[in-house]
Amino acid sequence: MQPHQTRFSLSTRGQGLYEFTDQVKTFVRDQPRRDGLLTLFVQHTSCSLLVQENADPEVQTDLRNFFARLVPPTTDPKMAYLTHTYEGPDDMPAHIKAALTASSITIPIIDARLCLGTWQGIYLFEHRDHPHHRNIIAHVST
């Protein structure tokens, strides 16, 4: 059987986590395969993908705050050594955050359902300050 693919396009409003679990579940449910693997891949270098808790929004706040402290913008004197600043003070820090996280994730599918835990959701983690349009490729294989 041929693998089945689609592209999800998400619009962001700045740094933060954007859940798109429901769109992925719909895509998986509509596939002819009942079992397999879903791979998601983000086609950008300043955002990332996460499987994370979706019950308490404070988790999202804490993750964003942690990464902001870990990798502050280039306007912070501690980051003065960075040279890639052409697209603003959040650009190189966004690339660093993306390097520390994941550009792809794989989730098993059983009986046409994602094998996510009870409180798990799928997120795009935007690392840039300004709005962006992000593309994620979904690929189902057996």
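The values are calculated or read from the model by the stated rules, or taken from the named source; none is laboratory data. Model, not experiment: these values are computed from the prediction. In this analysis, Cβ positions are derived from the backbone assuming ideal geometry, glycine residues included, and neighbour counts consider all displayed protein chains.
Within the range 1-30, can you find the residues that are out of contact with any Asp or Glu (no Cβ under 7 Å at 6 or more places or on another chain) and surrounded by 17 or more Cβ atoms within 10 Å (Cβ to Cβ)?
HIS4, PHE8, LEU10, LEU17, PHE20, VAL24, PHE27, VAL28 - these are the residues of the range 1-30 that are out of contact with any Asp or Glu (no Cβ under 7 Å at 6 or more places or on another chain) and surrounded by 17 or more Cβ atoms within 10 Å (Cβ to Cβ).
Show the residue pairs meeting these rules: Cβ distance below 7 Å; 6+ apart or different chains; first residue within the range 116-142 and modelled with pLDDT under 95 and polar (S, T, N, Q); second residue assigned to a strand (DSSP E or B) and surrounded by fewer than 22 Cβ atoms within 10 Å (Cβ to Cβ).
SER141/GLY36; SER141/LEU37; THR142/GLY36
Being in contact (Cβ under 8 Å) with a residue 60 or more places away in the chain and farther than 12 Å from GLN5 by Cα is the filter; apply it to the range 38-48 and report the residue that is surrounded by the fewest Cβ atoms within 10 Å (Cβ to Cβ).
So the residue we want is GLN43.
Which is out of contact with any Pro (no Cβ under 8 Å at 6 or more places or on another chain), in a strand (DSSP E or B) and not acidic (Asp, Glu), of ARG134, ARG64, ARG69?
ARG134
Of all residues in the range 83-106 being more than 30 Å from LEU37 (Cα to Cα) and of a type in the set (Val, Ile, Thr), which is modelled with the highest pLDDT?
Looking at the filtered set, the residue picked out is THR83.
A quick yes/no check of all residues on (1) of a type in the set (A, V, I, L, M, F, W, C); (2) over 18 Å from the mean Cα position of the chain (by Cα):
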residue	(1), (2)
GLY16	no, no
GLU19	no, no
ASP22	no, no
VAL59	yes, no
ASP62	no, no
PRO73	no, yes
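Identify, from the list VAL51, VAL24, the residue that is part of a helix (DSSP H, G or I), among the β-branched types (Val, Ile, Thr) and touching a residue at least 40 places away in the same chain (Cβ under 8 Å).
Within the list VAL51, VAL24, the selection yields VAL24.
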